[in-house]
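Everything on this sheet refers to the single structure shown next.
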Amino acid sequence: MQSLSNIKKILKTLDLSNQDLINNPKKYFTHLVEELKKVSPLLAGRLNDILNNENPDILSLEKIIQEVNILVSSNKSIRDSFQKLTISIENIDGVGPKTASSLKKNGIETLQDVILHFPYKYELVDTDLKSEKLFITGVLSSKSVIKTKYGKRIFQAVFKCDDGYYYGIWFNFSRKYPDPVLSIGKEYSLYGKYTNFNGKPSVIHPAFMDKSDRGQVKTYYSLPGNVKNQSFVKIVRRAFTYTGSDIVETLPEKIIAKYDFPDIKNALYTIHFPEKAKDITLLNENRHPAFIRFVYEELFYLQLGLLIKKSNYNKVYGIKYDVKQEYLDDIKKYIPFKLTTAQRRVLADIFNDMKSEHQMNRLLQGDVGSGKTIVAFIAALVAVKNGYQVAIIAPTEVLAEQHFINLVHFLKNDYAVSLLTGSTPKNEKQNDMVNIKDGNVDFVVGTHAVIRDDVEFKNLGFAIIDEQHRFGVLQRKNLVDKGYNPDILLMTATPIPRTLALTFYGDLNVSIIDEMPPGRSPVKTKSFSANNFDKVLELTEKELEKGNRAYFIYPLIDESEKIDLKDATKNFEYISLRFSGYNVALLHGRMKASEKNSLMTAFKNGNIDVLVSTTVVEVGVDIPDATVMVIENAERFGLSQLHQLRGRVGRSNKESYCYLVYSDKISDDGKTRLNSMVSTNDGFKLSEVDLEIRGPGDFFGTRQSGLPEFRFSNIVRDVPILNKARNDADNILKHDPFLEKPEHIILKEILHFRWKQALDLTNIG
Ligand SMILES: Nc1ncnc2c1ncn2[C@@H]1O[C@H](COP(=O)(O)OP(=O)(O)OP(=O)(O)O)[C@@H](O)[C@H]1O
């Protein structure tokens, strides 16, 4: 925000009555244009246009100066209030060093953190025998310590109330208990769990309240052990008195009016100090407008930031490719079939990105077997024809090797392709690395090994990252840094529910292949209890007799889990015996890459008929003649994994089958998963079910770095709000792409303060 103060200084020096300024505006305004570019490119552009005019118009200059003034002054007040909110909690009266340190450890560091730390539960403080709650006000008439048979000491106090005597009971009496020390004859109000203790109406371990607290709301905060709820309530109150007038509205007026949201101050106050019983119910169910507005706000800013990232405003310059017709004509000879309409449409998206001067960041989505690979290969070949190198990165060696084989096959040996994985022999690797650096290699296919520091490219211009959610943001960045902003095509074979895609990939352009190659019929899926395994074997045999191939998959979640490995091995023996007339092989992750590779090749060529395997074949493996997929212990797999595995068959015009075999240990969720598999082949539908079962955190299996963390929202629960927020953010940016209208300045400011880092926004303010 340094530029804001610079702008202010410059504004002070600009005197429109100065004749020299009017004659030579460029001399006086150029500096302002430069500073403005950092804060408001649109204003800077307009100013520049005026200056480039032969006779700069003084009225237009005046108008611009006015607008810049608004910009500077509103930014200032917003900034000041933000600064106040970032005051450390130690400055709140009553927050001692111990409390401060434990609150800080729990992420509550500033005034703002305090007021945004919402209660997790609300309770009406009153007698409610249904929920065993008792509120009494009475005079202490006696107190005593009783010893139980077991030597425990119980503190008992008797209160005379309007409707009779009540007992206060504290177990495990110690000197500290109860606090405060009680004086006979004094009136107290107590609130706690009602019980009938030894035949007396009692309240157990009650909290001391004010008489006037009856009928009020008690809020419960999740807090570190040594911070009492009551003390935190006081801290919140004080935080409010400190910040009161400094809490600025963080949503545009129009949005507030559109949804009838309470304004920010009222919303915060209601959340911490609700008054009405009606509020409590809604708050407890996360349905109160005061709470919803924060959910909305969080999702709105996330979407606004992602959309800005996606727009040209925040884009990075990259390579401008020439997608010449002659290149395309030449590439045609490599394409073995007619591309589907969806493939052609997606390819057109990619070419448009490649032709632009900005770096491409596109996510290619498509269901299993929809033909993503060839699209990526064609685009990559255009890059190579432009004289650049291409990197294709996959998460596993099996997949990298398969891409390598397919690519070499696709290119008919016309181009130089290198495979670089963890198990490439050292000599070979060194040789490859020299060739990559010298530019003798056009395509480098590999695993994480390619991202390693010592792999240098001569001119990396295009990177394809397959199954990109398995790579961290940092790894992606390392790869990008190996070239000059290479175009990036991310691929995912795991269909992602729309809401998750909006959240995690909202900043990417997404192309979806929503059509299968012609002649594919959906894989016929059935589930079988393990007791009926013989039936599965029978059905499989029928396919083998036709000359087709089959997979038998066994769960292996962690490749070091010996028991699971034994499972595949043990069953391999059984299946080999059962299909003694056929070639049966065992594949698992512990084998050497070369072994795995030759097995896969043999399976592809038909030298192996049945492949008994762990999940190493899960993603991307393409053996069109395989028509049977048997998954044992299917209840142990996630839905997207099952769908991926099923996607290994049905990759040609042959009818294919998937048999899901479950044990009697199947859970309810497991049943839902298998039933969903049986009922649909649509990966996008399944991903929605999966999201509901697993929740967003677990959806990708591994926690992706760069994943936004939500304070208030829940992506499954809040889908409708997310959609609204996305649309609203989109609308605002359509009309004000640089967020320069006075009513939008706050938006930019909040993005800058709260989201810049999280979203890696480079050009915000
Ligand atoms: N337009 C097409 N016409 C006929 N066959 C096609 C077409 N496009 C792709 N194929 C073939 O379909 C099969 C699946 O394609 P590909 O491997 O690219 O799918 P994918 O989308 O990458 O699938 P997965 O996510 O399962 O790896 C391959 O054998 C491929 O050669």
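When each of Leu660, Leu587, Leu599 is tested for being away from the ligand (no atom under 16 Å from the Cβ) and buried (at least 24 other Cβ atoms within 10 Å of the Cβ), the lone residue that passes is Leu660. Annotation note: of Asn431, Asn406, the sole residue that is within 12 Å of the ligand (Cβ to nearest atom), of a type in the set (S, T, N, Q) and surrounded by fewer than 20 Cβ atoms within 10 Å (Cβ to Cβ) is Asn406.
The set of residues in segment 311-345 that are assigned to a helix (DSSP H, G or I) and touching a residue at least 12 places away in the same chain (Cβ under 8 Å) comprises Asn312, Tyr313, Asn314, Tyr327, Leu328, Asp330, Ile331, Thr341, Ala342, Gln343, Arg345.
Among strands (runs of 3 or more DSSP E) entirely within segment 89-163, having at least 1 residues that are closer than 27 Å to Ala290 by Cα and aromatic (Phe, Trp, Tyr) singles out 121-124. The residue that is nearest to the ligand (Cβ to nearest atom), counting only those in segment 622-640 that are surrounded by 21 or more Cβ atoms within 10 Å (Cβ to Cβ) and free of Cβ contacts under 8 Å to residues at least 60 places away in the same chain, is Leu639.
Take Glu456 and decide whether it is in a helix (DSSP H, G or I), more than 26 Å from Asn714 (Cα to Cα) and out of contact with any strand residue (DSSP E or B) (no Cβ under 6 Å at 6 or more places or on another chain).
No.
If you go through segment 417-436 and keep only what is of a type in the set (A, V, I, L, M, F, W, C) and in contact (Cβ under 8 Å) with a residue 40 or more places away in the chain, you end up with just Ile436.
Is it the case, given these coordinates, that Val323 is modelled with pLDDT under 90 and away from the ligand (no atom under 16 Å from the Cβ)? For Val323, the condition - modelled with pLDDT under 90 and away from the ligand (no atom under 16 Å from the Cβ) - is not met.
Here Gln343, Gln365, Gln359 are screened, and the one residue that is more than 14 Å from the ligand (Cβ to nearest atom) and surrounded by 16 or more Cβ atoms within 10 Å (Cβ to Cβ) is Gln359.
The number of residues in segment 708-735 that are within 15 Å of Lys309 (Cα to Cα) and at pLDDT 80 or above comes to 6. For Ala394, the test of being touching a helix residue (DSSP H, G or I) at 6+ places or on another chain (Cβ under 6 Å) and within 11 Å of the ligand (Cβ to nearest atom) is passed. On the given criteria, is Lys27 assigned to a helix (DSSP H, G or I) and at pLDDT below 80? Judged against the criteria, Lys27 is not a match. Within segment 386-403, if we keep just the residues that are in contact (Cβ under 8 Å) with a residue 60 or more places away in the chain and part of a helix (DSSP H, G or I), the residue that is surrounded by the fewest Cβ atoms within 10 Å (Cβ to Cβ) turns out to be Glu397. Checking Ile292, Ile280, Ile308, Ile271 one by one, the residue that is assigned to a helix (DSSP H, G or I), in contact with a strand residue (DSSP E or B) (Cβ under 8 Å, 6 or more places away or on another chain) and either modelled with pLDDT of 90 or more or β-branched (Val, Ile, Thr) (or both) is Ile280 and no other.
Being in a loop (DSSP other than H, G, I, E, B) and farther than 21 Å from Lys104 by Cβ is a property that does not hold for Gly192.
For segment 641-651, a residue qualifies if it is closer than 21 Å to His403 by Cβ and more than 11 Å from the ligand (Cβ to nearest atom), and exactly one does: Gln641. Is it the case that segment 233-246 has a residue that's surrounded by 17 or more Cβ atoms within 10 Å (Cβ to Cβ), modelled with pLDDT of 90 or more and in a strand (DSSP E or B)? Looking through segment 233-246, none of the residues is surrounded by 17 or more Cβ atoms within 10 Å (Cβ to Cβ), modelled with pLDDT of 90 or more and in a strand (DSSP E or B).
Are any residues in segment 346-356 in a helix (DSSP H, G or I) and either more than 12 Å from the ligand (Cβ to nearest atom) or of a type in the set (Lys, Arg) (or both), and if so, which ones?
The answer is Ala348, Asp349, Ile350, Phe351, Asn352, Asp353, Met354, Lys355.
Within segment 13-58, being charged (D, E, K, R) and under 28 Å from Ile750 (Cβ atoms) holds for Glu34, Glu35, Lys37, Lys38, Arg46. For the residues Leu59, Leu71, the requirement of being assigned to a helix (DSSP H, G or I) and in contact (Cβ under 8 Å) with a residue 12 or more places away in the chain singles out Leu71.
Any residue at all in segment 369-381 that's within 12 Å of the ligand (Cβ to nearest atom), in contact (Cβ under 8 Å) with a residue 40 or more places away in the chain, in the same structural domain as Thr494 (by the TED database) and in contact with a Pro (Cβ under 7 Å, 6 or more places away or on another chain)? Yes, some residue in segment 369-381 is within 12 Å of the ligand (Cβ to nearest atom), in contact (Cβ under 8 Å) with a residue 40 or more places away in the chain, in the same structural domain as Thr494 (by the TED database) and in contact with a Pro (Cβ under 7 Å, 6 or more places away or on another chain).
Only a single item in (1) surrounded by fewer than 17 Cβ atoms within 10 Å (Cβ to Cβ); (2) within 52 Å of the chain's Cα centre (by Cα) is not met by Ser144, and it is number (2).
Within segment 178-188, is even one residue in contact with a strand residue (DSSP E or B) (Cβ under 9 Å, 6 or more places away or on another chain), aromatic (Phe, Trp, Tyr) and within 22 Å of Leu124 (Cβ to Cβ)? So far as segment 178-188 goes, yes, one or more of its residues are in contact with a strand residue (DSSP E or B) (Cβ under 9 Å, 6 or more places away or on another chain), aromatic (Phe, Trp, Tyr) and within 22 Å of Leu124 (Cβ to Cβ).
The values are calculated or read from the model by the stated rules, or taken from the named source; none is laboratory data. Predicted model, so just to flag it, every value in this text is computed and none were measured. Heads up, the Cβs are rebuilt from the backbone with ideal geometry, glycines too, and the neighbour counts pull from every protein chain shown.
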